[in-house]
Amino acid sequence: MGLFDDITDRVEGFFDEVFIPEDVRRLLDRADRLIERGDHEQALRLLGRASDRHPGLARTQHLAGLCHLYRDEYDQARDRFEKAIERREEPASHFYAGLAAEQSGDLQSARVHYNRALATSVAPPFEFDLRFGLGRVYLQEERFDKAERELRKARRLASDAHEVTVALARVLFERDAFEESRELLDSLDSTHVDADVHVLLG
């Protein structure tokens, strides 16, 4: 998933559901460990068994969504996360649904999910990812004022994130703030400067 490889470490753990039969809980825990190891196919098989034994669990749908997301199956991922949200609304499910929607090109749905994740959680530990996600969406929609607002918030949360600096520089360039855009790009380590950045610098 490139840019998003380290997101999982910041997103809060999934909520604890009560009244889950012990055999189903064990299946979910095993699937969770398989996802951490990158064995998404086997995890999906276990989640299918868990769903057969105890249908309707939000956690089952959420974990299946993660499997599809990491397999770059974005439409299937979003479908699973949205099913999880129908059963129980959680910021983490909204965040991942937004990420899947963004990756599949549905910017409106991505924006809705990112905003909903922010609205349903007070200072989530993955607020940086939500702000950055909204900034990317607004940038693609050419809503540069909103993109600048969200990217500045993201940069305050993680000033060393070079992807945010580049995105903010692009927005400022589009808003004719050329001097600040140049200063941001000049602040980057040369290893983070790709061909597109060189075009902006030019």
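Output the number of the condition that Arg80 fails; it satisfies all remaining conditions of (1) under 21 Å from Ala147 (Cβ atoms); (2) among the basic types (Lys, Arg); (3) surrounded by 20 or more Cβ atoms within 10 Å (Cβ to Cβ).
All conditions are met except number (1).
Looking at (1) within 23 Å of Pro91 (Cα to Cα); (2) surrounded by fewer than 18 Cβ atoms within 10 Å (Cβ to Cβ); (3) at pLDDT 90 or above, can you tell me which one Ala123 breaks?
(3)
Taking Ser104, is it within 16 Å of the chain's Cα centre (by Cα) and modelled with pLDDT under 95?
no
Name every residue in segment 155-190 that is in a helix (DSSP H, G or I), among the polar types (S, T, N, Q) and in contact with a helix residue (DSSP H, G or I) (Cβ under 8 Å, 6 or more places away or on another chain), in order of residue number. Lay out the reasoning, then the answer.
Quick first cut of segment 155-190, residues in a helix (DSSP H, G or I) only: 155-157, 162-174, 178-186, 190.
With the extra rule that they be among the polar types (S, T, N, Q), the set shrinks to 165, 181, 190.
Residues satisfying the conditions are Thr165, Ser181.
Here are the criteria: (1) under 16 Å from the mean Cα position of the chain (by Cα); (2) over 22 Å from Glu36 (Cα atoms). Tell me which single one Phe173 does not satisfy.
In the conditions (1) under 16 Å from the mean Cα position of the chain (by Cα); (2) over 22 Å from Glu36 (Cα atoms), Phe173 misses (1) alone.
Taking segment 172-197 as the search range and keeping residues that are modelled with pLDDT under 90 and hydrophobic (A, V, I, L, M, F, W, C), which one is surrounded by the most Cβ atoms within 10 Å (Cβ to Cβ)?
Ranking the qualifying residues of segment 172-197, first place goes to Leu185.
Could you list, in sequence order, the residues of segment 55-64 that are surrounded by fewer than 22 Cβ atoms within 10 Å (Cβ to Cβ), touching a Lys or Arg at 6+ places or on another chain (Cβ under 9 Å) and free of Cβ contacts under 8 Å to residues at least 40 places away in the same chain?
Gly56
The values are calculated or read from the model by the stated rules, or taken from the named source; none is laboratory data. Keep in mind the model is a prediction, meaning the values are calculated, not measured. Using ideal geometry, Cβ is built from the backbone for each residue, glycine included, and neighbour counts are taken over all protein chains shown.
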